[in-house]
Each structure stands twice: as C-alpha cells, then as structure tokens.
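Shown next, in structure tokens, is the structure this report addresses.
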Protein chains: 2
Amino acid sequence: MTSPSREPVRPTLEQVAARAGVGRGTVSRVINNSPQVSTEARQRVLAAIRELGYVPNRAARALVTNRTDSVALVLCESDERLFSEPFFASLVRGVSAELADTDLQLLLALSQTGYERDRLDRHLTRQYVDGAMLVSLHGDDPLPEKLEARGVATVLGGRRPSSNQSISYVDIDNRNGARRAVEYLISQGRRCIATITGPQDMSAGVERLAGYEDALRAARITVNPNLIVAGDFTQRSGETSMRELLDRVPDIDAVFAASDLMAVGALTQLRATNRSIPGDVAVVGFDDSLLAQHANPPLTTIRQPVEAMGRRMVRTLLARIADRAAPPTAELMDTELIVRASA
Amino acid sequence: MTSPSREPVRPTLEQVAARAGVGRGTVSRVINNSPQVSTEARQRVLAAIRELGYVPNRAARALVTNRTDSVALVLCESDERLFSEPFFASLVRGVSAELADTDLQLLLALSQTGYERDRLDRHLTRQYVDGAMLVSLHGDDPLPEKLEARGVATVLGGRRPSSNQSISYVDIDNRNGARRAVEYLISQGRRCIATITGPQDMSAGVERLAGYEDALRAARITVNPNLIVAGDFTQRSGETSMRELLDRVPDIDAVFAASDLMAVGALTQLRATNRSIPGDVAVVGFDDSLLAQHANPPLTTIRQPVEAMGRRMVRTLLARIADRAAPPTAELMDTELIVRASA
DNA sequence: TTGAAAGCGTTACCAG
DNA sequence: CTGGTAACGCTTTCAA
C-alpha cells in the first residue's frame with residue numbers, strides 16, 4: 001500500500017508482557033487488579049502499558065468472561081415523543097445517576113421502525129450487553145423473553161398489557177394516578193367527566209383508563225362510553241379527541257387526559273370553542289411535564305416519579321445480573337396530584 | 001425443570017455443525033452468506049440453526065473480524081439540554097434515518113459528568129464500536145484523536161474551538177447564521193443591538209458571537225462591549241443576562257440571543273420590565289426550536305439544518321470506516337432566517 | 001464444495 | 001508469586 005494508510009497499532013497483552021519481561025498471566029493480573037502480583041512486577045507492567053499505550057481488547061475479554069460491562073436502555077418510541085416528553089429525560093437521568101457507582105457503561109438504543117427493531121433484536125441477542133432495560137414496549141413484544149433466554153438480564157419499564165409476569169418490571173402506578181386525578185375532579189363537583197385515553201396497546205394507556213373508571217364507580221357515577229375517546233398520547237390526538245367529545249356530549253364539565261400533551265391539545269380545542277377553563281370545563285393531565293406549567297392555563301396534572309423509577313430499574317437489573325436464578329420482581333411507583341389552574 | 005436456575009444455553013457454531021453433519025467452516029459460510037455452499041448443505045445448516053436457536057457470538061466474531069457492526073453517537077451534554085433542545089432530537093432523527101440502509105446499530109452514549117466521561121473514554125477506546133460521532137464537545141477535548149489513534153473512525157458534529165483539523169467534522173454555519181440574524185435586525189432599523197452569547201468554550205458560542213460582530217462591522221456600527229454578555233444556552237442565563245444588559249444600557253432596541261432558550265429567558269425579563277416586543281426591543285433567537293413557535297410573542301430565529309447535519313455525519317463516518325487513510329473532511333451546513341413576531 | 005486447522009487477544013487454571 | 005497452557009467461539013486460509 002502506497003497510501004498513507006496509518007493502520008492503528010493496538011499493542012496486545014503479549015507485547016506488554018514481553019516489554020515488561022514477564023508472562024502474559026502477570027500482565028492480566030495487573031490489569032484486573034489482582035493482589036497476587038509483586039510490587040516490582042506490577043511497576044514494570046504498568047510502565048510497559050504506559051509506554052506502549054496498551055488498551056485491553058474488549059472482544060477478547062468478552063469472549064472469555066462472557067461479560068461486556070455495559071447495559072442498554074432500549075427506547076421503543078418515536079424520537080418525536082422521545083425528546084418532547086420529559087418522561088425520557090427524567091428516566092435517563094435516574095438511570096445514569098444510579099449507574100454512576102458502577103463500572104457499567106450505559107448505551108441508549110432506539111427502535112422506532114420495524115426495521116430498526118429487527119436490527120436491535122439481532123444486536124441485543126448477540127450478547128452485546130450484560131443487561132437491558134426496555135421502556136415503553138408496545139403490544140405483547142416477545143423481545144424480553146428472547147433476551148432472557150439468550151442470557152441477557154432484562155428489566156421492563158412499564159408493564160406489558162398481558163399479565164405475563166416472567167420478566168421483572170418497574171412501573172408507575174398508572175391506575176391509581178388516574179384514579180386520583182378523576183377523584184379530584186369529582187371532589188370539585190364535576191359530574192360529566194370525559195377522558196381521552198392513551199393507546200390501548202400500552203399498559204399505561206390501559207391502566208389510566210381503568211383508574212378513570214375506578215374513580216367514577218367509587219363515586220357511583222355511571223361510566224358513559226360516549227365520554228371515552230381513544231387518543232395516542234400526541235397533542236394532535238388531544239385536539240381531535242376533544243372535538244369528538246364535544247360533538248358527542250356538548251355539556252361536558254371536565255376532561256381527564258391520559259397525558260399532558262393530549263391535555264394541551266384539549267385545551268386548544270376548548271378555547272377554540274369558547275369554553276372557559278376551568279369555568280366551563282376542568283382539565284387534568286398526566287405526567288407533569290414542562291408543558292404542564294407553561295400551558296394556558298397551567299395544567300393540573302399527575303406527577304410520576306420517573307427518575308426514581310429509572311434508579312429502581314437499574315437496581316433491579318443489577319440484582320438480576322448478579323443472580324440469574326432469582327424470581328422476577330414487580331414494583332409500582334406512586335404518583336402525586338399537582339393542582340394548578342386548569343382544574 | 002424444577003430448578004429455577006435456568007442457565008441460558010448458547011449453542012455454538014460447533015454444535016450447529018455437528019447437528020447438520022458438516023464442518024464448522026461450512027456453517028460459518030452459511031451464516032456469512034458465502035455463495036460457496038451447496039444448496040443441500042445450506043438447507044441442513046439452516047435447519048440446524050433454527051432447531052438449536054443458534055445466534056452467533058458477537059465477541060468471538062469481533063475478535064477475528066475486528067468489527068462490531070455498531071457505531072456510537074456521543075452526546076456530551078447535560079440531559080437537561082439534551083432533552084429540552086430539539087437540536088438533539090433532530091440530530092438523532094437524521095442519524096437514524098441515514099443509518100437505516102446500513103446494518104450498523106446505533107448506540108447513544110451520554111457523558112455529562114467527568115466520571116461518566118472517563119468511563120465512556122475507556123469503553124470507546126476498547127474497540128467497542130466501529131465508529132463514533134461526537135457532538136457538542138466542550139473545550140479542546142482530546143477524545144477524538146485518541147479514538148482515531150485506537151482505530152475508531154471518528155466524526156465531529158460541530159467544530160472544536162481550536163483550529164485543529166485532524167478530525168473530520170460537519171458543522172452548522174453558525175457564524176453566517178448569527179450574522180444573518182443581526183443583519184435582519186439592522187435592516188429593521190435597530191441600532192442598539194445587544195447579544196447574549198453561548199458558552200465560549202464551544203465553537204457554536206464563539207462563532208455566533210463572531211457573526212454578530214461581523215454584521216455590526218459590515219454596517220459600520222461600533223461593537224460595544226457593554227452590549228455583549230455571556231450566557232450558557234440556558235433559559236435562566238437568558239433572563240439574568242437580559243437583566244444585566246438592561247442595567248448596563250437601558251435603551252437597547254434589539255437583542256440577538258445565541259439560542260432560543262436564552263431568547264425566551266430574555267423575553268420573560270423584558271416583559272417583567274414592561275418593555276414591548278418588538279416595539280421597544282426586538283428579539284432574535286437561534287435554533288428554531290419548538291419553543292420559538294410557542295414563545296410569547298413567537299420568536300424570530302435562525303433555523304439550523306440539524307437533521308441534514310446528522311445524515312451527513314453518518315455519510316462522513318461511513319466513508320471513514322471504509323477508508324481510514326482518507327484525509328479529514330470539513331463541511332458547513334447553511335442556515336435560514338425564520339421571521340416571526342418578536343422582531 | 002468442503003473439512004481441518006490455525007489463529008484472534010484474553011482469562012483462568014496449573015504446576016512450579 | 002509466576003509463567004505456561006488450555007480454552008472462549010468464530011473466521012479464514014489451505015488442502016483435499
């Protein structure tokens with residue numbers, strides 16, 4: 001090759017050993033902080049490592065140890081939601097914080113399209129990481145079981161719709177949170193309470209609807225199907241759903257939206273039809289996102305302990321990595337009602 | 001099985017070969033789509049793979065091929081900025097889209113604290129990925145050179161402050177964009193134009209300030225140091241900087257903020273001191289984030305082609321992975337002025 | 001077209 | 001405490 005091809009030289013353990021005048025084994029021990037090395041040998045090895053700029057080869061190590069010292073946080077979500085919803089920011093913050101004490105590197109993997117999903121599947125199952133935290137899985141995704149079967153420790157953030165309980169999970173108590181929101185509306189004297197639901201292929205969507213119904217039933221208010229319309233967590237769906245609700249039942253006096261984004265959409269639509277908030281219609285959201293504070297009027301909503309959830313997911317994952325034989329665990333994190341001007 | 005200890009069994013290539021009644025080599029060829037395999041042998045191997053649920057071991061493969069089939073997008077930013085600024089969402093979108101044609105898995109790696117930074121450094125240099133795209137590096141980080149030296153193809157998103165040009169980069173033309181913003185203010189008759197800068201250890205911060213000065217000089221307006229105050233891209237710094245500017249020079253008639261977030265902070269402060277916008281003071285931001293549309297009044301700003309930048313970074317990276325000997329490239333992406341109500 | 005065999009760079013188990 | 005010697009699971013010649 002005449003080209004300036006500066007093939008990067010990666011010194012190997014063997015070269016370090018040669019340079020330090022010791023055997024491979026000793027170098028390996030030094031690298032892995034084994035105490036079984038004489039001070040002198042250690043010095044010589046460290047010097048050689050420095051001089052050669054030696055860096056261990058991860059693949060070789062992984063091959064023999066079966067560990068990669070990294071874990072993945074898998075986000076099955078459109079990057080639109082991913083970055084517009086504070087949920088993910090808080091989650092990442094919690095996960096990072098909890099991982100700080102560890103030597104594990106955090107990798108985020110996104111998978112939005114089906115194609116990306118397949119590629120991710122392939123990568124994850126090939127023992128790419130020691131563990132995976134899967135967030136906002138849709139439908140009854142078989143990925144978690146697959147990963148566990150392949151030896152990748154797995155924890156779910158948010159349950160799956162099915163009651164399948166073979167994989168550990170940490171979830172927000174969505175049902176109770178929604179119930180809390182609707183109870184509040186009832187306590188404010190509202191009686192014709194509608195809801196804009198989340199997608200019904202996600203547990204958060206299903207649970208929040210269930211909580212809405214719980215609260216109504218507890219107050220002996222009949223659940224009216226006309227007051228329930230399906231959204232998909234987006235602002236746009238909040239708008240269109242609100243329009244539909246008003247068409248169906250013009251004298252609605254309150255709405256529980258299963259996400260702040262949808263609540264904001266509902267607000268827009270309510271204003272567009274000249275309804276006062278909360279005078280004519282009270283609105284409660286879910287998430288306590290930044291949007292909630294800045295909405296007009298500021299949104300009463302349910303705050304989720306997302307950061308804490310991230311931390312707990314990590315702890316659960318670490319436990320699972322440490323002991324693959326332990327039975328799966330389930331945990332629910334409690335929510336909080338944040339009262340602002342919209343209800 | 002009564003024992004809960006279900007140690008996951010990973011069948012090896014060898015077992016597949018045995019089951020199919022062929023040699024290791026043949027199985028390997030089938031997996032790698034080599035045409036040099038008889039149809040019959042291929043069928044038998046594929047059947048064996050299916051029956052055993054075989055998945056290749058990545059570490060073993062990486063060890064011999066020296067490839068990992070994955071690339072990292074490294075984001076050296078607080079998760080606050082990461083998720084509040086649409087910049088990163090767009091970037092990820094562009095990168096993902098461009099990677100869709102490839103078999104490369106995208107991994108996001110965050111590094112905010114110094115500790116995380118070290119861990120990331122260790123991971124990246126250990127041949128964890130085939131290539132890395134580094135975004136919003138602060139100061140004169142030596143990481144890129146280190147990676148290239150270790151054989152990891154590297155591309156920068158955004159230049160570094162120094163003129164060091166040993167690593168390929170793709171950048172927004174921040175200087176021209178800022179200049180464009182300020183020229184617009186001048187064209188609107190503004191003369192006492194202040195600026196709230198970005199951090200001066202980031203090229204975006206430095207360049208946008210330079211563009212501000214360019215425009216002023218071109219219009220023969222003296223650059224007044226009292227009209228320049230340093231922010232850090234956060235909304236809070238926008239507020240405090242605006243307060244400081246008004247203290248220093250009460251009759252400011254325009255402000256160019258180096259980010260939308262800071263511009264929004266400035267708006268808040270201007271309203272707090274009963275100034276009309278743009279009547280008394282015109283405000284221009286930078287980014288064209290979602291915030292810009294929703295600000296009160298909607299923000300005139302500079303739009304960056306972030307998604308396109310992401311795509312280009314990927315193309316540059318792929319080229320570099322394919323040919324390590326090629327000289328580093330440099331590219332600037334052009335910006336666009338978006339006129340709204342604030343100026 | 002195919003099987004056998006030689007590594008790839010580490011770790012881990014052995015005697016010494 | 002240490003050096004030698006097996007693995008680890010795969011790709012890739014090299015003959016056959």
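What number of residues within the stretch A:42-55 are within 13 Å of DNA strand D (Cβ to nearest atom) and touching a residue at least 12 places away in the same chain (Cβ under 8 Å)?
Of the residues in that region, 5 qualify.
Looking only at helices (runs of 4 or more DSSP H) that lie completely in the stretch B:35-96, which have at least 3 residues being under 37 Å from the mean Cα position of the chain (by Cα)? Outline the logic, then answer.
Values: elements: B:39-52, B:58-65, B:79-84.
Where helices (runs of 4 or more DSSP H) fall fully within the stretch B:35-96 and carry at least 3 residues being under 37 Å from the mean Cα position of the chain (by Cα), they are B:58-65, B:79-84.
Which of the residues spanning the stretch A:214-248 are hydroxyl-bearing (Ser, Thr, Tyr) and within 26 Å of A:Arg271 (Cβ to Cβ)?
Hits for the stretch A:214-248 are A:Thr234, A:Ser237, A:Thr240, A:Ser241.
Filter the stretch B:9-34 down to the residues that are near DNA strand D (Cβ under 9 Å from one of its atoms) and over 43 Å from the mean Cα position of the chain (by Cα), then identify the one that is farthest from B:Val55 (Cα to Cα).
B:Gly23
Could you list, in sequence order, all residues of the stretch A:206-222 that are over 18 Å from A:Leu337 (Cα atoms) and buried (at least 16 other Cβ atoms within 10 Å of the Cβ)?
If the condition is that a residue be over 18 Å from A:Leu337 (Cα atoms) and buried (at least 16 other Cβ atoms within 10 Å of the Cβ), then A:Val206, A:Ile221 are the ones that fit.
One line per residue, one yes/no per condition, for (1) touching a helix residue (DSSP H, G or I) at 6+ places or on another chain (Cβ under 7 Å); (2) in the same structural domain as B:Asp141 (by TED's automatic domain parsing):
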position: B:Val45; (1), (2): yes, no
position: B:Arg50; (1), (2): no, no
position: B:Tyr54; (1), (2): yes, no
position: B:Asn57; (1), (2): no, no
position: B:Arg61; (1), (2): no, no
position: B:Cys76; (1), (2): no, yes
position: B:Asp79; (1), (2): yes, yes
position: B:Leu82; (1), (2): yes, yes
position: B:Phe87; (1), (2): yes, yes
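Filter the stretch B:107-148 down to residues that are within 9 Å of chain A (Cβ to nearest Cβ), of a type outside the set (S, T, N, Q) and farther than 18 Å from B:Ser168 by Cβ, then give me how many there are.
Residues flagged as within 9 Å of chain A (Cβ to nearest Cβ), of a type outside the set (S, T, N, Q) and farther than 18 Å from B:Ser168 by Cβ within the stretch B:107-148 amount to 12.
Within the stretch B:2-22, is there a residue that is in contact with a Pro (Cβ under 9 Å, 6 or more places away or on another chain), loosely packed, with under 13 Cβ neighbours inside 10 Å and not assigned by TED's automatic domain parsing to the domain that holds B:Val129?
From the stretch B:2-22, those in contact with a Pro (Cβ under 9 Å, 6 or more places away or on another chain) are B:4, B:13, B:19; that's our starting set.
Okay, now just the ones that are also loosely packed, with under 13 Cβ neighbours inside 10 Å, so B:4.
Remaining after also requiring not assigned by TED's automatic domain parsing to the domain that holds B:Val129: B:4.
Looking for residues that are in contact with a Pro (Cβ under 9 Å, 6 or more places away or on another chain), loosely packed, with under 13 Cβ neighbours inside 10 Å and not assigned by TED's automatic domain parsing to the domain that holds B:Val129, one finds at least one in the stretch B:2-22, hence yes.
This table checks each residue for (1) buried (at least 24 other Cβ atoms within 10 Å of the Cβ); (2) touching a strand residue (DSSP E or B) at 6+ places or on another chain (Cβ under 6 Å); (3) without any contact (Cβ under 8 Å) to a residue 60 or more places away in the chain.
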{"residue": "A:Thr273", "(1), (2), (3)": "no, no, yes"}
{"residue": "A:Val284", "(1), (2), (3)": "yes, yes, no"}
{"residue": "A:Leu290", "(1), (2), (3)": "no, no, no"}
{"residue": "A:Gly310", "(1), (2), (3)": "yes, no, no"}
{"residue": "A:Arg315", "(1), (2), (3)": "no, no, no"}
{"residue": "A:Arg324", "(1), (2), (3)": "no, no, no"}
{"residue": "A:Pro328", "(1), (2), (3)": "no, yes, no"}
{"residue": "A:Met333", "(1), (2), (3)": "no, yes, no"}
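If only one of A:Thr39, A:Thr68 is within 12 Å of chain B (Cβ to nearest Cβ), within 16 Å of DNA strand D (Cβ to nearest atom) and hydroxyl-bearing (Ser, Thr, Tyr), which one is it?
Of the residues listed, the single one that is within 12 Å of chain B (Cβ to nearest Cβ), within 16 Å of DNA strand D (Cβ to nearest atom) and hydroxyl-bearing (Ser, Thr, Tyr) is A:Thr68.
Looking at the stretch B:296-343, which of the residues that are part of a loop (DSSP other than H, G, I, E, B) and small (Gly, Ala, Ser) is farthest from B:Arg179 (Cα to Cα)?
B:Ala325
Could you tell me whether the stretch B:255-267 includes any residue that is of a type in the set (S, T, N, Q) and over 17 Å from the mean Cα position of the chain (by Cα)?
no
Quick one: B:Ala292 ticks every box in (1) within 14 Å of chain A (Cβ to nearest Cβ); (2) in contact with a Ser or Thr (Cβ under 7 Å, 6 or more places away or on another chain); (3) part of a loop (DSSP other than H, G, I, E, B) bar one, so which box is it?
(3)
For the stretch B:232-263, what are the residues that are surrounded by fewer than 24 Cβ atoms within 10 Å (Cβ to Cβ), closer than 20 Å to B:Arg190 by Cα and in contact with a helix residue (DSSP H, G or I) (Cβ under 8 Å, 6 or more places away or on another chain)?
Passing the criteria: B:Arg243, B:Leu245, B:Leu246, B:Arg248, B:Val249, B:Ile252.
Give me a count of the residues in the stretch B:77-102 that are within 18 Å of B:Val314 (Cα to Cα), out of contact with any strand residue (DSSP E or B) (no Cβ under 7 Å at 6 or more places or on another chain) and more than 7 Å from chain A (Cβ to nearest Cβ).
Residues flagged as within 18 Å of B:Val314 (Cα to Cα), out of contact with any strand residue (DSSP E or B) (no Cβ under 7 Å at 6 or more places or on another chain) and more than 7 Å from chain A (Cβ to nearest Cβ) within the stretch B:77-102 amount to 6.
Condition first: in contact with an Asp or Glu (Cβ under 6 Å, 6 or more places away or on another chain) and in contact (Cβ under 8 Å) with a residue 12 or more places away in the chain. Now tell me which residues in the stretch B:72-97 satisfy that.
B:Ser90, B:Val92, B:Arg93, B:Gly94
Name every residue in the stretch B:219-236 that is modelled with pLDDT of 95 or more and either in contact with a Ser or Thr (Cβ under 9 Å, 6 or more places away or on another chain) or not in a helix (DSSP H, G or I) (or both), in order of residue number.
Matches in the stretch B:219-236: B:Ala219, B:Arg220, B:Ile221, B:Thr222, B:Val223, B:Asn224, B:Leu227, B:Ile228, B:Val229, B:Ala230, B:Gly231.
Please go through the stretch A:9-33 and pick out each residue that is small (Gly, Ala, Ser) and more than 8 Å from DNA strand C (Cβ to nearest atom).
Those that are small (Gly, Ala, Ser) and more than 8 Å from DNA strand C (Cβ to nearest atom): A:Ala17, A:Ala18, A:Ala20, A:Gly21.
Considering only the stretch A:310-329, state which residues are touching a Phe, Trp or Tyr at 6+ places or on another chain (Cβ under 9 Å) and under 21 Å from A:Leu75 (Cβ atoms).
A:Met313, A:Thr316
Quick one: A:His138 ticks every box in (1) touching a residue at least 40 places away in the same chain (Cβ under 8 Å); (2) buried (at least 22 other Cβ atoms within 10 Å of the Cβ); (3) under 29 Å from A:Leu261 (Cβ atoms) bar one, so which box is it?
It is condition (2) that A:His138 fails.
Looking at A:Asp101, A:Asp118, which one is of a type in the set (Asp, Glu) and assigned to a loop (DSSP other than H, G, I, E, B)?
Going through A:Asp101, A:Asp118 in turn, the sole match is A:Asp101.
Which one of these is surrounded by fewer than 20 Cβ atoms within 10 Å (Cβ to Cβ) and within 12 Å of DNA strand C (Cβ to nearest atom): A:Arg42, A:Arg58, A:Arg50, A:Arg67?
Among A:Arg42, A:Arg58, A:Arg50, A:Arg67, only A:Arg67 is surrounded by fewer than 20 Cβ atoms within 10 Å (Cβ to Cβ) and within 12 Å of DNA strand C (Cβ to nearest atom).
The values are calculated or read from the model by the stated rules, or taken from the named source; none is laboratory data. These numbers were taken from a predicted model, which means no experiment stands behind them. Note that we place each Cβ from the backbone using ideal geometry, even for glycine, and neighbour counts take in every protein chain shown.
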